[in-house]
Amino acid sequence: MSVAAPTLGTAAPAPEHLPRLLAEADGSWVSLSEHRRRAGPIPKVKRQPTIPIIDAIARAGLRGKGGGAFPTARKMEVVAAGSGRPIVLANGAEGEPASAKDKLLLTRAPHLVLDGALIAAAAVGAREVVVCVDRHADHALDSMRRALSERMALEPPSVSVRLVGVPSHYVSGEETALVRWLNGGEAKPTTPPKPYESGVGRRPTLVDNVETLAHVAQIVRWGPAWFRSFGTSAEPGSTLLTVSGAVARPGVYEVPVGASLGRVLERAGAADGDLSAVLVGGYFGSWLTADQASSAHLSCSGLARHGGGLGCGVVVALPRKACGVVEAARVVSWLAASTAGQCGSCAHGLASLSEAAGAVARGRAPRDADQIEGRGACRLPDGAARFLRSALTTFHHDVDRHLRGAHCPDQRHVLPLPNPVRDGWR
């Protein structure tokens with residue numbers, strides 16, 4: 001199943017204007033009728049070759065927004081060419097503690113996400129869509145239930161769509177963990193095969209972040225050229241950021257890919273001269289000094305110059321009065337407690353990393369930590385090691401101060417850390 005080239009029934013919004021995704025998420029819950037008034041009808045689905053949708057996504061240059069930045073069209077091509085009837089997973093688990101963008105879309109613009117999921121299903125020939133949401137994200141779950149009920153009554157889709165609440169663990173939103181859980185196992189990452197090869201029910205499975213799917217809906221509706229009118233030539237379009245920390249106006253922002261990080265922080269109300277560093281990309285991300293942040297650009301290539309990446313779009317501004325060493329040690333300890341415990345690199349390696357970070361925070365020289373990168377079923381060890389390495393580099397003056405015995409005064413912590421063991425794995 002696929003679609004012919006879409007026929008648009010509504011004039012496209014001006015390409016130079018933002019917000020795009022957040023145009024529907026700027027207030028209360030958006031009903032299906034209001035969504036159709038703003039966005040127009042979903043393109044008609046026909047049982048013809050799948051090329052038009054995937055080609056449009058490829059020409060748009062859309063990359064995944066869940067953290068990996070993998071080309072979305074390439075994923076679709078592989079799944080569509082797989083053996084067996086595909087299935088589509090809309091990933092809204094959002095286990096990253098400092099991220100709120102996916103929950104915002106699910107809560108305020110659920111029909112935009114559903115449009116994207118149904119278009120993706122048409123592109124790859126799927127007859128089933130599963131929307132995965134953190135089982136404790138009550139507002140997001142209620143919003144999606146309401147949207148699905150409304151859609152079934154007013155626009156019954158030609159494919160099966162179901163909503164599931166997944167376990168609330170940091171690694172449970174990893175794509176192989178979702179597949180394993182939907183297949184009746186624990187929500188823990190697995191080694192190959194990858195979902196696009198053999199996923200839910202051993203079928204080729206397309207797993208896309210809900211922001212990615214929202215972009216898919218707009219690209220197919222308004223066209224690749226419209227999407228590319230923002231961003232850079234290599235990384236086009238807009239992206240959602242969750243900005244928090246030492247800012248007067250924390251929240252979810254939509255910006256062009258490649259936007260100035262300094263200007264984003266200024267827009268969010270960061271006080272001039274009050275920042276010691278900025279975390280970009282979440283707890284798999286990297287720290288930038290205040291000077292680096294002022295000149296950095298929010299794209300994969302722009303942040304790579306500073307050893308980082310855009311990741312899931314998290315931006316946390318750390319105030320000067322906060323201690324980066326203590327904050328980093330807290331996060332690494334939390335990551336160690338969040339492990340699935342099934343690989344040595346996590347069960348033992350992350351504990352070793354946490355001990356090393358804690359030792360520095362307490363003013364003691366750390367023992368050598370275990371080598372954990374490039375091992376395990378998921379990227380948790382790699383992300384934790386990168387995060388800590390970046391912190392030790394960025395906060396090297398704080399590290400020296402701690403090792404000289406000059407501890408930081410008690411202070412309010414900045415980085416959010418939920419209880420890592422508040423839920424089971426099933």
Rg/Rh for region 238-319: what does it come to with C-alpha atoms and Rh from Kirkwood?
-> 0.90
Quick one: Karplus J couplings for region 66-77, per residue in order, coefficients 6.51, -1.76, 1.60, θ = phi - 60°, nearest Hz, x for Gly and Pro?
-> x, x, x, 6, 7, x, 5, 5, 4, 4, 4, 4
So how far apart, in nm, are the two label points at Ala304 and Ser33 if each is 7 Å from Cα heading toward Cβ?
-> 4.9
Sorted from largest down, what three extents in whole angstroms do the Cα atoms of the chain have along their principal axes?
-> 69, 45, 35
Top to bottom by accessible area (1.4 Å), largest first, where do His297, His348 land?
-> His348, His297
Expected unfolding gain across Arg412-Arg135 under the 0.36 nm per residue rule, minus the alpha-carbon gap, is 96.8 nm
In whole Hz, what ³J(HN,Hα) sequence does region 328-333 give by Karplus (6.51, -1.76, 1.60; θ = phi - 60°), x for Gly and Pro?
-> 5, 5, 4, 5, 5, 4
Taking placed amide H atoms and a strict 5 Å upper bound, the residues 5 or more places from Ser276 or on another chain that come that close are Leu318, Arg320
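In region 238-319, what % of DSSP beta bridges are antiparallel (nearest 5)?
Within region 238-319, antiparallel bridges account for around 80 percent of the total.
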Mind listing the Cα extents of region 76-165 along all three principal axes, in Å, largest one first?
-> 36, 32, 18
Alpha-carbon centroid distance for the pair region 312-337 / region 48-93, whole angstrom | 33
Proximal aspartates and glutamates to Lys194, defined as alpha-carbon separation beneath 18 angstrom and excluding residues fewer than eight positions away on the same chain = Glu77, Glu174, Glu175, Glu186, Asp208
Amide H to amide H, which residues 5 or more places from Gly231 or on other chains are under 5 Å from it, using H placed in the peptide plane?
-> Gly237, Val257
Using a Gaussian network model of the chain whose springs link C-alpha atoms within less than 10 Å, name the residue from Asn183, Asn209, Asn91 with the highest mean-square fluctuation.
-> Asn183
Taking the Cα atoms of region 32-227, report the difference between the largest and smallest coordinate on each principal axis, in whole Å and largest first.
-> 39, 36, 30
Using the Karplus curve 6.51 cos²θ - 1.76 cosθ + 1.60 with θ = phi - 60°, work out ³J(HN,Hα) for each residue of region 173-190 in order, rounded to whole Hz, and write x for Gly and Pro.
-> x, 5, 4, 6, 5, 4, 4, 4, 5, 5, 8, x, x, 7, 7, 10, x, 10
What nm distance separates the two modelled labels at Asp400 and Ala337, each placed 7 Å from Cα along Cα→Cβ?
-> 3.3
Averaging sequence separations of C-alpha pairs under 8 Å and six or more residues apart, then dividing by the length of the chain, give the relative contact order as a whole percent.
-> 16
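The values are calculated or read from the model by the stated rules, or taken from the named source; none is laboratory data. Keep in mind it's a predicted model, so treat the numbers as computed, not measured. With ideal geometry, Cβ positions are generated from the backbone for all residues, glycine too; neighbour counts draw on all protein chains shown. Just so you know, the surface numbers come from the protein's heavy atoms only, side chains and all, with ligands and any DNA or RNA stripped out. Shrake-Rupley method; radii C 1.70, N 1.55, O 1.52, S 1.80 Å.
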